[in-house]
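See structure below.
Each reported figure results from applying straightforward, stated rules to the coordinates on display, with no laboratory input. Please read all numbers here as calculations on a predicted model, not as lab measurements. Cβ placement follows ideal geometry from the backbone for every residue including glycine, while neighbour counts extend to all protein chains displayed.
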Amino acid sequence: MATSRNPSARALIAGCLTMIVLAAGCSDRDTPVAPFVPDGGILLPQLDVTTADAVCEAATTYTTDADFDLGTLVGVEHTTVSDQLQLSQASVTLPFLWTPNNQGTVSKIHTVTGDELGRYWVAPYWNSSPSRTTVDLDGSCWVGNRQAGTVVKIGLEEAGECIDRNGNGIIDTSRDGDSDGDITGAELLPWGQDECVLYEVVLIPGKEGTHVPGTYAGGYDTNYWGTSPRGLAIDASNNVWAGTWSSQKYHYIDGSTGAILNSIDVSPWGHSAYGAVIDGNGILWSARLGSHVLRLDPNDLTAPNTQKIYVSHTYGIGLDYLGHVFVSGGSGLRVNPKAS
């Protein structure tokens, strides 16, 4: 498995690039030899997950058009120049959707077929209230649990973003084994046993830390309006900002290790995170339910680089491809980052 970890080599979103060669079921320790895939492209092999361990045992080099045709090309093509992969001109999106469920789980859905491909516990109990999700530059998912005080990372198996913790040579994870489009019964692995659920990051004041799922025993904040992380956004380095409600903090988390790198107290602005985006300039925009948007420059917390923008009623927040911030609620608002 070959994966580029260079933050400047990630593209698919806002000019960032990524180089991922996918082999279903293989972790970074496995042996398939990847073809060179230009930054910004992904090769999705058409592999049955039941053969993943066999695939991982035999090294293979992909060098010809016929080799590349064994997979599904995402963001790359081999027609302009034969027997090599180059970036395609069309923009692409990975065909996966991550959705939180009321039962303390998150589902991975195929956006073309509508099939549920996997379902993952994100806390040791059913009413952890997973809500906010964000997808990183490798296609993996971060989710905030409102009634746990935690954020959890789920690796995208199809991108080789899972970890073979027990060393058995395969990735033990939730899959649709009977291909009926739904994850049921034993297809959902217990909390702490799914090797695609990578990190549990506790954001509860006094208990902050990163844990292998299933190993933390320090207790959770089950208050719906407690720590309750509700603002999640990925930056160009593939790290995540996670904003909390009652503790009024933004925690900067390493996307590769789950370690908390920095924490910013946003209480001086009276801010509790309810939703977040990051623009192409690295500015974090965070909505507070009902009153304002915080423009937060992580490198400069002084005005005007960091400031509160009052809005009649704020709820959802989004960013378009031109870098405009849109806020929804009682009335719509568009913020031009260049003018703010």
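What to note about this one:
- Projected label points at residue 302 and residue 89, each 7 Å from Cα along the beta carbon direction, are separated by 4.8 nanometres.
- Student exercise, the stretch 107-260 dipole from Lys, Arg, Asp, Glu Cβ charges, in Debye to nearest 20: 860
- For residue 198, net neighbour charge (Lys/Arg +1, Asp/Glu -1) across residues whose Cβ lies under 10 Å away: -2
- Distance from the stretch 166-184 to the stretch 64-132 (C-alpha centre basis), Å: 16
- Dipole orientation for the stretch 169-216: of the candidates 170, 211, 183, 211 has the Cα lying most toward the positive pole (charges on Cβ; Lys, Arg +1; Asp, Glu -1).
- About the Cα centre, charge dipole magnitude for the stretch 177-217 (Lys/Arg +1, Asp/Glu -1 at Cβ), debye: 380
- Note on residue 182 and residue 72: their simple-model spin labels are 2.3 nm apart, each label 7 Å out from Cα toward Cβ.
- Residue (of 231, 270, 193) at the positive-pole extreme of the stretch 184-282, dipole from beta-carbon charges: 270
- Fully extended contour minus Cα-Cα distance, from residue 64 to residue 246, at 0.36 nm per residue: 60.0 nm
- Across the stretch 69-109, the relative contact order, built from alpha-carbon pairs under 8 Å that are at least six residues apart, equals 26 percent.
- Cα-centre dipole for the stretch 252-320 with unit charges at Cβ (Lys and Arg positive, Asp and Glu negative), debye to 20: 240
- Each of the peptides 252-265, 136-149, 178-191 was scored by the mean count of other Cβ atoms within 10 Å over its residues; in descending order, highest first, they stand as 136-149, 252-265, 178-191.
- Using the Cβ of residue 115 as centre and a radius below 10 Å, the other residues enclosed give a net charge of -3, where K and R count +1 and D and E count -1.
- Radius 11 Å from Cβ of residue 284, net charge of other residues (Lys, Arg +1; Asp, Glu -1): -2
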